[in-house]
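*Asks:* Please read through the structure below; I'll follow up with questions.
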Amino acid sequence: MILNKINNWLTKYKPYFFGYSNGFFQLSYLSNSPELIVASSKKFPFQKVNDERQLIYTDNPFIKGEFHYDELEKGLWAFNSKMTYKNNVSYHPIYDETIPSNYYCLTLNVIENKYKTNFYEFNNIKIPNYSISFLKPKRDFINCHFKGATENQYIFYFDENWFTNNIKNGKNTSLSFLKIMADDAIGFANYAISYKQFQDIIENFEKGFSGNKPDRFALKKQTYLFFEQFSSLFDELTNISSQEINYKDRVIIEKIEKYLLENLYAKFVGIEFLSEKFKMSPTKLKKEFKAIFGTSVLQYFQTKQMELAQQIIQQDNLLIKDVAKLFHYENVSKFSKKFEEVNQKLPSKVKQ
């Protein structure tokens, strides 16, 4: 039955597998359930499937990487997607209305974009972004990735029964999380995190997927800890957004982020400049940028500057005052204050 559905879907949507719009190649996939995601992915061209290792390997003109999967228990699946992007790519979920769609999705994202700059010899910038995204059944969410980016995502699909039996009544499950689960008006939420907040969980997920095949027992244990930690922190989250953004606007915001990261050695150009350059009103730009990245445009830019500054200090013999000047801080104490705010340590401590 499922295979027939997949074959019918492949025939129907084959012309739309590799579309192109707004500078991105669009890749579509059947998204009703994790089982169908896996089964339909195996049917894609340029795929090598290893059922014993629960692994799909792909190398095509758009992406190269591995996709691990495992059904941890009834109603709970775990995926690990590790991809490198050869071109600008956006993923588009497609739902077959004749098939039930009752899975929620919680994703821990580690995305690293590589940027080039002609300024200074430190000319290959790699800036990691960490976030958690939550998606309800049958909701569209477009993932955009630029050429040169690498992705490591830990993706968890769970249905209503699993959530009710295992998470809903847990002592650490926050009321805020339950409200979002129950609010039909909210289909998507995104939360920008720091690596340190979920460092242990990220490292343990990596171990769980690094063997010959996924370590089901270890992944199941870590998944419960992930849900518990995320839910317990929910009331404290200040940079979470549940605003849904259409495809065209999301691409614009992603392009704005790319522009900012390619100009980290420059002064902040300002909202009005970005608004005019990317043809989006200042109000909408600020609102939608914060919805995706969980912070203001200026704060995001300054944070990435300080993350890059830390890389330079770690790898070069420049004086702190010279690094400060690279980022247009004439006052070293102001630079040190912003650096400590972002990196939780003074630049002088990085040198030690």
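*Asks:* Please find, within segment 42-65, the residue that is least open to solvent (accessible area, probe 1.4 Å) out of those that are within 23 Å of GLN222 (Cβ to Cβ) and not in a strand (DSSP E or B).
*Replies:* GLN54
*Asks:* Do we find that GLU35 is part of a helix (DSSP H, G or I) and open to solvent by 20 Å² or more (accessible area, probe 1.4 Å) in this structure?
*Replies:* Details: part of a helix (DSSP H, G or I): yes; open to solvent by 20 Å² or more (accessible area, probe 1.4 Å): yes.
Here the answer is yes, as GLU35 does meet what is asked.
*Asks:* Now, a different point. Among all residue pairs at least 6 apart or on different chains, which show Cβ distances below 7 Å where the first residue, located in segment 43-68, is over 20 Å from SER210 (Cα atoms) and the second is in a strand (DSSP E or B) and acidic (Asp, Glu)?
*Replies:* From segment 43-68, the pairs are PHE46/ASP59.
*Asks:* Can you tell me which of ILE180, ILE132, ILE201 is closer than 30 Å to TYR259 by Cα, open to solvent by less than 60 Å² (accessible area, probe 1.4 Å) and not in a loop (DSSP other than H, G, I, E, B)?
*Replies:* ILE132
*Asks:* Would you confirm whether or not segment 301-318 contains a residue that is without any contact (Cβ under 8 Å) to a residue 24 or more places away in the chain and more than 27 Å from ILE132 (Cα to Cα)?
*Replies:* yes
*Asks:* State whether one or more residues within segment 88-102 are in contact with a Pro (Cβ under 7 Å, 6 or more places away or on another chain), at pLDDT below 85 and surrounded by fewer than 17 Cβ atoms within 10 Å (Cβ to Cβ).
*Replies:* no
*Asks:* Exactly one of these conditions fails for LEU264: (1) among the aliphatic types (A, V, I, L, M); (2) part of a helix (DSSP H, G or I); (3) closer than 22 Å to ILE193 by Cβ. Give me its number.
*Replies:* It is condition (2) that LEU264 fails.
Residue-wise test of (1) within 22 Å of LYS248 (Cα to Cα); (2) at pLDDT below 90; (3) under 20 Å from the mean Cα position of the chain (by Cα); (4) among the hydroxyl-bearing types (Ser, Thr, Tyr).
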residue: LEU274; (1), (2), (3), (4): yes, no, no, no
residue: PHE293; (1), (2), (3), (4): yes, yes, yes, no
residue: VAL297; (1), (2), (3), (4): yes, no, yes, no
residue: GLN310; (1), (2), (3), (4): no, yes, no, no
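*Asks:* If you take the residues of segment 316-325 that are in a helix (DSSP H, G or I) and open to solvent by 100 Å² or more (accessible area, probe 1.4 Å), which of them is nearest to ALA266 (Cα to Cα)?
*Replies:* Here the residue is LYS325.
Okay, residues lined up against (1) surrounded by 17 or more Cβ atoms within 10 Å (Cβ to Cβ); (2) charged (D, E, K, R):
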| position | (1), (2) |
| --- | --- |
| PHE273 | no, no |
| LEU285 | yes, no |
| GLU288 | yes, yes |
| GLN305 | yes, no |
| LEU308 | yes, no |
| GLN314 | no, no |
| PHE327 | yes, no |
| GLN344 | no, no |
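*Asks:* Something else: Tell me whether segment 66-76 contains one or more residues that are under 22 Å from PHE141 (Cα atoms) and open to solvent by 50 Å² or more (accessible area, probe 1.4 Å).
*Replies:* Yes, segment 66-76 contains at least one residue that is under 22 Å from PHE141 (Cα atoms) and open to solvent by 50 Å² or more (accessible area, probe 1.4 Å).
The values are calculated or read from the model by the stated rules, or taken from the named source; none is laboratory data. The structure presented is a predicted model; accordingly, all values stated were derived computationally and were not measured. FYI the Cβ positions are ideal-geometry reconstructions off the backbone, even for glycines, and counts take in every protein chain you see. Just the protein is used for accessible areas: all its heavy atoms, side chains included, with ligands, DNA and RNA removed. Shrake-Rupley method; radii C 1.70, N 1.55, O 1.52, S 1.80 Å.
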